[in-house]
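Accompanying notes for the structure given below.
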Amino acid sequence: MKPRVIGRFVIAATLLIGAGVAGAAGKKAATAPTTDAGLADAARHAIAMYPHYDIWDDIGIQVASGNVTLTGAVNQPYKKTDIERLVNTLPGVTRVQNDIRVLPLSPQDDRLRLTVARAIYGDPTLRRYAVEPLKPIHILVENGHVTLAGVVATEMDKNIAGIRAASAGLSFGPVVNDLQVEHPPARKS
C-alpha cells in the first residue's frame, strides 16, 4: 500500500531524516578522542560500564595510533568477544587486537574465587572497597593459582589483601599480589 501523503511533506520528512543522520554522524565525530590517551580512557570507561565486567576479570588497554590492544583475563568466553566488540565501536578506534585470555571454566576455581573474595572484602580494613560499585581488587584464579590485580590506596591495604587471599586456603602455590598502590609512600633520600 502506497502512502497517501505526497508533495512537500514527504520531501521535508526525507530532508529532516537526512539531517538527523548527518547531525548524529557529526556528533559522533566531534566526540571522538583525539589522542591515544583519550582513546584509552574511553575504552577503559566503556569496559567499566560493561555490565558483566566484575572482580573476576582484569583487562589491560594499550593504544598506539588508534590501534587498541586488549590484554588480561576474563572468567567467561563471551566476555572476551563482548569486550572486543564494545571497544571496536568506539569513535577513533582503527583496529582492535584481542589478547585477552579466557580463564579455564572450573567449579573448583569458582569456589576459590568466592572464598578469596569473602576473605578480602570481609576484612574490616578492606571493607571500604566492598561498597564501591566497581570493586578495585580483582581476583583471577587459574587452575587453583590466585593472582590479585587492581588498585588499592595504600601499601598496607595491598599487604592485607595478599595475606587474606593466602589465608583463604585451597590455593595451589603462593598468591601473586599484583595490586598497584594508588599513593605509594614517598621515598627518603
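Of everything in the range 167-180 that's aliphatic (A, V, I, L, M) and under 17 Å from residue 55 (Cα atoms), which residue is farthest from the chain's Cα centre (by Cα)? Show your work before the answer.
Applying the first criterion (aliphatic (A, V, I, L, M)) to the range 167-180 yields 168, 170, 175-176, 179.
Adding the requirement that they be under 17 Å from residue 55 (Cα atoms) leaves 168, 175-176, 179.
Working: 168: 26, 175: 22, 176: 20, 179: 16 Å.
Residue satisfying both the conditions and the ranking: 168.
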*Quick one: in the range 99-150, of everything that is part of a helix (DSSP H, G or I) and touching a Leu at 6+ places or on another chain (Cβ under 9 Å), which residue is farthest from residue 49 (Cα to Cα)?*
108
*Looking only at the range 150-171, which residues are under 13 Å from residue 116 (Cα atoms) and touching a strand residue (DSSP E or B) at 6+ places or on another chain (Cβ under 7 Å)?*
161, 162, 165, 171
*asked:* With the structure loaded, tell me whether residue 81 is among the hydroxyl-bearing types (Ser, Thr, Tyr), in contact with an Asp or Glu (Cβ under 7 Å, 6 or more places away or on another chain), more than 25 Å from residue 121 (Cβ to Cβ) and surrounded by fewer than 20 Cβ atoms within 10 Å (Cβ to Cβ) or whether it fails that test.
replied: no
*Considering only the range 130-175, how many residues are under 23 Å from residue 111 (Cβ atoms) and crowded, with 21+ Cβ neighbours inside 10 Å?*
11
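Read-outs: derived from the displayed coordinates by stated rules, not from any lab. Predicted model, so just to flag it, every value in this text is computed and none were measured. Quick reminder, even Gly has a Cβ in these numbers, built from the backbone with ideal geometry, and neighbours come from all protein chains shown.
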